[in-house]
1. Please give the calculated 222 nm ellipticity per residue for the chain, where each DSSP H segment of at least 4 residues contributes -39500 (n - 2.57) and the sum is spread over every residue; nearest 500 deg cm²/dmol?
2. Longest span of the chain, sites excluded, free of GluC sites (Glu not before Pro) in DSSP loop with at most 11 other C-beta atoms within 10 Å?
3. Hey, how much of the P(r) for region 5-168 falls beyond 30 Å, as a percent of Cα pairs?
4. Per 0.36 nm of contour for each residue apart, how much would the distance between Ala86 and Leu48 grow if the chain were fully extended, relative to their Cα-Cα spacing?
5. Taking neighbour Cβ counts within 10 Å as the exposure measure, how do Ile102, Ile2 sort from fewest upward?
6. What's the exposure ranking of Thr107, Thr97, going from fewest to most Cβ atoms within 10 Å?
7. Report the chymotrypsin sites (Phe, Trp or Tyr not before Pro) located in region 81-153 that are in a DSSP loop and have at most 16 other Cβ atoms inside 10 Å of their Cβ, or state none.
8. Considering only DSSP beta bridges where both residues belong to region 5-168, give the percentage that are antiparallel (nearest 5).
Amino acid sequence: MILSDKKILEEMEKGTIKVEPFLRECLGSNSYDVHLGKTLATYKEHILDAKKHNTIGHFEIPEEGFVLYPHIFYLGVTMEYTETHAHVPFLEGKSSTGRLGIDIHATAGKGDVGFCGNWTLEISVKQPVKVYKGMPIGQLIYFPVDGEIEVKYNQKANAKYSGQINKPVESMMWKNQF
């Protein structure tokens, strides 16, 4: 079951869902449209190592836009800061984004109950495409949870991505024990 527009608004009133900035026209019948933030990032190394802290370089999208190229992996960020305290948020690309050949997440489309922060986008493209800060990039949908949550994401001591800022965040895989 996915929350409807009315239910999303009710949950926002209760404080279980937060979206800042919130624009009523971005609320669809069962989703909320999110926008590309002003900052992108790319990894500094060509070969990434899952056991190593792979660092990224941030840069701002200029007013005239920025061309993304295939075979380069970009990290982006949503303009919106979100909090989800009683539902499972999913971030999906918009059909208009997909029809430009833009993928906004490689694998991490699901959030956790208790996620608070801006969403890091894992962007790849099929052919060169110019993007702009503030453009619609994806949509959040919310699923109710069946059962009580023992520990919310933002309460976990090892939550690697809790409180993400309005800049892309690199992989924290290196913090895992394996």
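1. -2000 deg cm²/dmol
2. Here the longest run is 65-147.
3. Result for the distance tail: 17 percent.
4. 10.2 nm
5. Sorted ascending by nearby Cβ count, the order is Ile2, Ile102.
6. Fewest-to-most Cβ neighbours within 10 Å comes out as Thr107, Thr97.
7. Answer in residue order: Tyr132.
8. Of all bridge pairs located within region 5-168, approximately 95 percent are antiparallel.
None of the figures in this text is laboratory data; all of them are computed from the coordinates on show. All figures in this text were calculated on a predicted structure; none of them were measured in a lab. Heads up, the Cβs are rebuilt from the backbone with ideal geometry, glycines too, and the neighbour counts pull from every protein chain shown.
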